[in-house]
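The values are calculated or read from the model by the stated rules, or taken from the named source; none is laboratory data. Just so you know, these numbers come straight off a predicted model, no measurement behind them. Reconstructed Cβ throughout: ideal geometry from the backbone, glycine too, with neighbour counts over all protein chains shown.
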Amino acid sequence: MGRRLLIGAGIAAAFVLGMVYAWRIAFVDGTELLFNSGWWLVLLAPFAGALAAGLTRRKDPVIDGDRVLRHDGAAILEHWTHGIGTAVLIVTGLALGALFIPSFLAKQQVWAAMNVHYVAVVMFLFGTFYYGVNTLLSWQRFREHLPTANAIKFTVQHYGRLLGNKKYDMPPEDKYFESEKMAYLLALVATATIIITGLLKAAAHVVSIPGAVMGAATLVHDIATLGMLAFFLAHVLFAAILPMGWPMLRSMFTGYVSVEHAKAEHAGWYRRLVKPAVVPSEPKKDRNAA
Amino acid sequence: MTDKEPKQVTRREFVTSVGGVGVGAVLGGLFLRGFLLPDQVLAIPASKGYLLIDTKKCAGCESCMLACSMVHEGASNISLSRIQITQNPFGKFPDDITQSQCRQCPYPACVKACPTGALHADDQNGGVRTVDPAKCIGCERCIEACPFTPSRSLWNFEDGHAQKCDLCASATFMGEKGGPGGMQACVAICPMKAIKFTTEIPVQKDSGYAANLRNEHWGNLGYPTD
């Protein structure tokens, strides 16, 4: 826990200091656009994420007394770096002007917002590649995110129950709700699109890229941002604002949920944790998985 | 004697290596760039063409504005013109009419301010300062950065991007080659011959270029030629 706090505090401090520096260097000094002068960090972040993932030894979920380990340190790190990076990117991206709606900013604020966008890009790329490579190393974590044949049925049951319809029972959801799994697909496509088009846009600060390519990249980047915004708002609503998501939010800091919560909300997952051998869909143990 | 099985690279070893080599390559490249390569001086090439306007010849008919929007946008709309003529009904000659054309500045603040490289010196067209609409994100920094009022970089409210005089290099509706060395619609249309294209860097004044395009025929009509 102490190590996790130290790493979290270090990354948070670097991020905040980076944003202050990025804002100051443009808004106060008015001299530097970090996408021009610090392009190398955009290139470095994905490799750093891959290297960090390669060096990480992950813990699988396990029942530990009256609580269940749901998020190991790596899950917490990748979630917050990706999530906070995404939040800042969306805010600065929309402020800079989306889909050719002109910027809401004036004078030096445009460069300052682009500089803050740059800092968030570095954070986002690190977190996303850290997650992506972690996923490459243990496919079962990826499979857990994909919708199953029960997606619609479980979602209707789950939210019907939440809305007070007594004819529905809580379905035996797995580690992730089926509705979350469907939303995950949107986030996956939006993230991949944003990264590809965003790297193109960042590369245009270093090398000459044809206007037609940039025009298409900007348009696709903006549309993907709207997809990401939709996912982000729904995610924040269900995971942080509505009380039903608070145990999970707490787990994103501590790593643990209670056994009662796991039994009530994720009966299918809890069953797998208790009797892993009897679950037919459980994938073969990946020798590379930590 | 048994053959020893060759050691296979695991996925984890592979991605760790890719990450490590990538981090090393980026940092190593920076080191080489910083210590082994000479510093580069990035200069924006001067434009090979400029528009001169004789303020004392201009009659304020706005034909140049209509021609400009027509050849660039395919529509006669003075709000889409890259050259702006404004008239002050209370002003006295020659300050009653103001012509605002881009000066193709040697040190263009608009190019420097653009965060995406959309506003650039066009190497293909004699270094004329121009906007690539496809790269423009609509931040309007160039409009704010232009040291002149009104800004010579303008907002195209129909297509949602910045635009400015490119000496007709991108005048797709003109039917003639534009840009430095080509034709300029405003020069061709002006009934007073008050606009001229030149390749010489004009003398700069705060109020505009010092241009006298009047000849003896102008004097014969009783107008001042000095």
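Conditions tested, residue by residue: (1) surrounded by fewer than 21 Cβ atoms within 10 Å (Cβ to Cβ); (2) out of contact with any Ser or Thr (no Cβ under 8 Å at 6 or more places or on another chain); (3) touching a residue at least 12 places away in the same chain (Cβ under 8 Å).
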| site | (1), (2), (3) |
| --- | --- |
| A:Ala12 | yes, yes, no |
| A:Leu17 | yes, yes, no |
| A:His71 | yes, no, yes |
| A:Leu77 | no, yes, yes |
When you look at A:Leu41, is it closer than 18 Å to A:Phe124 by Cα, touching a Phe, Trp or Tyr at 6+ places or on another chain (Cβ under 7 Å) and touching a residue at least 24 places away in the same chain (Cβ under 8 Å), yes or no? no
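Test of understanding: among B:Cys110, B:Cys102, B:Cys165, which residue is within 14 Å of chain A (Cβ to nearest Cβ), touching a Leu at 6+ places or on another chain (Cβ under 8 Å) and buried (at least 23 other Cβ atoms within 10 Å of the Cβ)?
Among B:Cys110, B:Cys102, B:Cys165, only B:Cys110 is within 14 Å of chain A (Cβ to nearest Cβ), touching a Leu at 6+ places or on another chain (Cβ under 8 Å) and buried (at least 23 other Cβ atoms within 10 Å of the Cβ).
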When region B:197-215 is checked residue by residue, the ones that are touching a strand residue (DSSP E or B) at 6+ places or on another chain (Cβ under 9 Å) and under 18 Å from B:Arg129 (Cα atoms) are B:Phe197, B:Thr198, B:Thr199, B:Glu200, B:Ile201, B:Pro202, B:Gly208, B:Tyr209
Of the candidates A:Gly65, A:Gly83, the one satisfying the condition of being over 29 Å from B:Thr10 (Cβ atoms), touching a Gly at 6+ places or on another chain (Cβ under 8 Å), more than 10 Å from chain B (Cβ to nearest Cβ) and not aliphatic (A, V, I, L, M) is A:Gly83
Kindly list the number of the only condition in (1) without any contact (Cβ under 8 Å) to a residue 60 or more places away in the chain; (2) buried (at least 21 other Cβ atoms within 10 Å of the Cβ); (3) under 18 Å from B:Gln204 (Cα atoms); (4) not hydroxyl-bearing (Ser, Thr, Tyr) that fails for B:Val131. (3)
Restricting attention to region B:134-156, the residues that are at the interface with chain A (Cβ under 8 Å from one of its Cβ atoms), crowded, with 20+ Cβ neighbours inside 10 Å and farther than 17 Å from A:Gln109 by Cβ number exactly 1
Would you check which residues across region A:129-149 are among the aliphatic types (A, V, I, L, M) and assigned to a loop (DSSP other than H, G, I, E, B) and list them? A:Leu146, A:Ala149
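Using the structure shown, decide if B:Arg33 is in a helix (DSSP H, G or I), within 14 Å of chain A (Cβ to nearest Cβ) and modelled with pLDDT under 90. Before the answer, list the steps.
Values: in a helix (DSSP H, G or I): yes; within 14 Å of chain A (Cβ to nearest Cβ): yes; modelled with pLDDT under 90: yes.
Taking the combined requirement at face value, the residue satisfies it.
So, of the residues in region A:8-37 that are within 24 Å of B:Gly29 (Cα to Cα) and out of contact with any helix residue (DSSP H, G or I) (no Cβ under 7 Å at 6 or more places or on another chain), which turns out to be nearest to the other protein chains (Cβ to nearest Cβ)? So that I can check it myself, show each step before the final result.
From region A:8-37, those within 24 Å of B:Gly29 (Cα to Cα) are A:14, A:18, A:22, A:32-37; that's our starting set.
Narrowing further to those that are out of contact with any helix residue (DSSP H, G or I) (no Cβ under 7 Å at 6 or more places or on another chain): A:14, A:36-37.
Details: A:Ala14: 16, A:Asn36: 8, A:Ser37: 12 Å.
Once the filter is applied, the top-ranked residue is A:Asn36.
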When you go through (1) in a helix (DSSP H, G or I); (2) surrounded by 16 or more Cβ atoms within 10 Å (Cβ to Cβ) one by one for A:Ile152, which number turns out not to apply? (2)
Kindly indicate the residue of region B:191-226 that is crowded, with 16+ Cβ neighbours inside 10 Å and outside any loop (DSSP other than H, G, I, E, B) and also farthest from the chain's Cα centre (by Cα) among those meeting that condition. B:Trp218
Can you find a residue that is within 26 Å of A:Val133 (Cβ to Cβ) and within 14 Å of another protein chain (Cβ to nearest Cβ) anywhere in region A:224-246? yes
Taking the residues in region A:189-208 that are surrounded by fewer than 17 Cβ atoms within 10 Å (Cβ to Cβ) and modelled with pLDDT under 90 as candidates, determine which candidate is farthest from the chain's Cα centre (by Cα). A:Ser208
